[in-house]
Each structure stands twice: as C-alpha cells, then as structure tokens.
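Okay, so here's the structure we're looking at.
The values are calculated or read from the model by the stated rules, or taken from the named source; none is laboratory data. Here the structure is a predicted model, which is why all the values come from computation and not from measurement. Quick reminder, even Gly has a Cβ in these numbers, built from the backbone with ideal geometry, and neighbours come from all protein chains shown.
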Amino acid sequence: MTRLPQLICPAGSLPALKTAVDNGADAVYTGFKNATNARNFAGLNFTDTQLAEGIRYAQSRGREVLIAINTFAQAGRLAEWRASIDRAADLGADAIILADMGLLAYAHKTHPQLKLHLSVQGSATNFEAINLAHECFGIRRAVLPRVLTLPQVEYVIKNTPVEIETFGFGSLCVMAEGRCILSSYATGQSPNTHGVCSPAAFVRWDNQGKIMNARLNGILIDRFDEGEPAGYPTLCKGRFAVQGETYYALEEPVSLNVLSILPELIRIGVTAIKVEGRQRSPAYVSEVTKTLRAALDTAGDEGYAVKPEWSTALDKVSEGHQQTLGAYSRPWK
Amino acid sequence: MKLPAPLAFIARRLPEAPPSFALATALNLARPKFWPEEDFAWLTGKTVRLLVSDLDRGVNLTFDGQRFRSASLPADVTFGASLEDYLILARRQEDPDTLFFQRRLTIEGDTEIGLALKNLLDSTDLAPLFALLPRPLAARFGL
C-alpha cells in the first residue's frame, strides 16, 4: 500500500488547532506570540498555557504539534529566540521549525532529543544545502520553498536522507522565501526580521464610494473596483504603473492548490504536505483540512480525480482570482 | 438572515446608544469567563464601530482600562458587513479573510486594532456563549 504524506495544517489559535485535529490533520504547526515566527500579527498565536493545552489535545489523539521559530534572530536580541526554543522543548513540541543557522546549532546542541525541521524560510532549494544542514544540525525534515518544479522536487528527494515537506495549499508569496525584504522599502520591517510583512499598523484601507484603496505606510499599493476580489495588502501583490501599464508587476494574488498533482507528490516520495495560513480563522482551517484530508485519503487509489466539491470548497477560501500549481508545473521547462 | 422590511425600516431609525450599551454590558459579563488573561490594553481609549451596512446602523464600543463602555463617534476603526454576514462570522461558517477577499467585509481606520479584535474572537471558544442564548433566539440564528 502507498504511504500517504502527512497533512500539516496551520493554527494561529487554540480553536484553530483543535479544528485542525478534529478534521484530520496529522500535525498542526503553531507559533509563539512574538517576533520569532513569520506570522507575528496582533492577537495571533499562542500563550504557553494555550500551547500546552493544544499539545495535550493533539498528542492524546495521536497527532503532532510543530512550533515555528523561523525568523532570523536580530542582533542583540538572540536571547528571545533561544528562550523560545527552550520553551518549545519544555512544552514537549514534536518538532520545531527553524531557518537561522545559529539557532539550528543552538537547538541541536542544547536539545539533542528535539526534532528539527528546516523552515521554508531557510531557503534550501537543493539537496546539497539540505544534506549540509542534516550533517551539521541533524535536521529530520526540510520544507521546500515554493520555487521548484515537480521533477526538481523529485531530484531533491532522491538525493537526501532528509524528509521533504512541500506546500499543498494557500496564499503564495513572492517566491524569494527567506530572502524577501520587499516590505522593508515601505515599512522598515520584513518577515525575516520582524516576523511579518505588511505589519497591520502600517496598513490602511479607505473606501471612496465603491472603490477600495489599500495603502502601506501611506503608499497606495492597490485599488479595487466594486466587486473586484481583494487580496492581502503586501507589496509583492500590489498593482504598479510600469511603462504606462498598471498591473500586478511582481506577483498575482493567487492561491496554490496541488489537488490535481497529489498522486505525483505521493509517487515521488513527499513526506508531508503543508497548508499555508496561520493568520486565518478556524473556519478556514476546518474547510481546508477537511478537503485535503478527503483528497489525500483517496489520492493513492487508482482512478483518483479531483472532486468538484473539493475545488468549490477551496475556491471559496482562496485569496485572489484563481488557483495555480505555482512552480510545480512549468510545462515549458 | 435579512430583517423583514418593516423591522428594517424601524431599525434604520433607532438610536445606536442602547444596543452599544447592551453589547458593552454583555462583554463586561463575559470577560472573566472568556478572556481572563487579556488586559485589552490595545483597545483602551480606542473606539471600535461595528457597522451593519444594510441597515446603516451600528454599535460603538470602547474599553476604559477597567470595563467596556458604549462610545461616541468618530471611531478609530470601523468594520462594515451586512447583518447576515455578521451572523455567518459569529457562527464561524466563513472566515473574515474570505469575506474580506470577497468584499463583503470592510475595515477602515486603525487596521491593527481591527486585527487584534479579529484574532481575539478567533482564539475564543464561543460554544459556551451560544449555550447561554435562549433556545428560540439560538434557533433563529441557526445555532
């Protein structure tokens, strides 16, 4: 029988974590309420008490909780990041997700029993980088940046003993993961330094009649006509005037959806499929977990086909106008 | 859920202070149970307006450091949605980001306060609250 990949779902709160577990997630990934993770939004994420309860809830049902500590430690503030690693170990997390090499070294040395995953923010796109992190820090798993084609993912898997996790659904980012400082131009903050791109304090939406303007630190980054779907207010998904044409010059607000290539991902030996969206509400987590669970459970069968109701469910919660296979499919390559 | 036309006609003409006061009172009662660890520093001295856009009526709320109070305009942040969509959110049938992407939920003013409020509600287990509602009312909301 084919071994199915684990389904890894996001949780920004305790109700979201429970919802993910109840709807069939094999593991839930979470973060602390600080700049040590890449979804550092006001009011989001877990206190130690909430995380302890979440870990109890998941583990007592045979599921795992992963804690993302995947931003880069800032000069002079290393203690915050190290303390978060210590807390994760104390709480009994099944693994922590790291990007910073210094933190990987610290965690490997200080908590040798703790499983380490290399975050997508670590930006390791080839097996040499992944194998080096394995040799140096004993990482068990690497989350691949959303920039590789399917054959490239397969090539990585064939050449590494490290488990490979890939993204399966959710908002796409500008595909310079772990290297993006775009939002710094407008706000002085970026995901890898402050755990957030487009911090809410810099975001303003104003309505002129039926038209909605999105501003980041006062800079107009998009304008939505009546009824036009909106996206997150990130610079990479703004519309800009370039040589007389105003359009999504960097990145379209689209969502990744791999339902149609699940059998391929299973065949090439992907260990885990990750859902984006720790910033989303329990309603999203419920819908997406339920749908991916149903799809994964049949994806190993012969004659697997994407059911229309799955597409409808995912379409509804997607950012932007359309869903895409992203970098996985590059037929011209 | 849409209000029947005669009710909507009346609702559009009602003052906003009584429902705001009622909401503040309810939140003060709910606070120890739902948010024992939350100090609401982010809401202190700030006004949040929940505008029911199809009725052009809303409730305005602030926190004075001790208690929730009804507040007067202007608001620091204003959410706008139809009555039906507020109920959909309360029932957790859709998430706020989805409604925002679909332009059914608007947020104007201080986005950070709005996001903190959204995330607070997301992290709150609302089941005990619904259990407190009288049966006929709960049924009306499909709970």
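Looking across region A:238-260, the residues that are touching a residue at least 40 places away in the same chain (Cβ under 8 Å), over 16 Å from the mean Cα position of the chain (by Cα) and buried (at least 18 other Cβ atoms within 10 Å of the Cβ) come down to A:E251, A:L259. Taking the conditions (1) part of a strand (DSSP E or B); (2) loosely packed, with under 15 Cβ neighbours inside 10 Å in turn, A:R204 satisfies each one other than (2). Looking across region B:87-112, the residues that are in a helix (DSSP H, G or I), more than 7 Å from chain A (Cβ to nearest Cβ) and surrounded by 18 or more Cβ atoms within 10 Å (Cβ to Cβ) come down to B:I88, B:L89, B:L99. Out of all the residues in region A:28-49, which are touching a residue at least 24 places away in the same chain (Cβ under 8 Å) and either outside the structural domain of A:R82 (by TED's automatic domain parsing) or over 17 Å from A:R280 (Cβ atoms) (or both)? The answer is A:F32, A:N34, A:A35, A:T36, A:D48. Of all residues in region A:285-318, how many are within 14 Å of another protein chain (Cβ to nearest Cβ), touching a residue at least 40 places away in the same chain (Cβ under 8 Å) and within 23 Å of A:L4 (Cβ to Cβ)? Adding up the residues that qualify gives 6. Note on region A:212-237: residues that are exposed (fewer than 15 other Cβ atoms within 10 Å of the Cβ) and within 11 Å of another protein chain (Cβ to nearest Cβ) total 5. Among all residues of region A:31-43, there is at least one that is within 20 Å of B:P96 (Cβ to Cβ), at pLDDT 95 or above and not acidic (D, E). Given the condition within 20 Å of A:A176 (Cα to Cα) and charged (D, E, K, R), answer yes or no: does some residue in region A:263-277 qualify? Among the residues of region A:263-277, at least one is within 20 Å of A:A176 (Cα to Cα) and charged (D, E, K, R), which makes the answer yes. Residues of region A:43-68 that are within 13 Å of A:D94 (Cα to Cα) and either exposed (fewer than 13 other Cβ atoms within 10 Å of the Cβ) or away from chain B (no Cβ under 14 Å) (or both): A:I55, A:R56, A:A58, A:Q59, A:S60, A:G62, A:R63, A:E64, A:V65, A:L66, A:I67, A:A68.
Taken together, the residues in region A:135-175 that are out of contact with any strand residue (DSSP E or B) (no Cβ under 9 Å at 6 or more places or on another chain), in a loop (DSSP other than H, G, I, E, B) and hydroxyl-bearing (S, T, Y) amount to 1.
Of all residues in region A:181-198, those that are within 14 Å of chain B (Cβ to nearest Cβ) and free of Cβ contacts under 8 Å to residues at least 24 places away in the same chain total 1. Going through (1) surrounded by fewer than 21 Cβ atoms within 10 Å (Cβ to Cβ); (2) of a type outside the set (S, T, N, Q); (3) over 13 Å from B:S20 (Cα atoms); (4) more than 10 Å from chain A (Cβ to nearest Cβ) one by one, B:R57 falls short only on (3). For region A:92-105, how many residues meet the condition of being surrounded by fewer than 17 Cβ atoms within 10 Å (Cβ to Cβ) and farther than 21 Å from A:R179 by Cβ? So the count comes out to 1. Kindly establish whether B:L115 is under 25 Å from A:S318 (Cα atoms), away from every other protein chain (no Cβ under 13 Å) and modelled with pLDDT of 85 or more. Answer is no for this residue.
Could you check region A:260-284 and list, in sequence order, the residues that are outside any loop (DSSP other than H, G, I, E, B) and touching a Lys or Arg at 6+ places or on another chain (Cβ under 9 Å)? Within region A:260-284, A:I266, A:A272, A:P282, A:A283 qualify.
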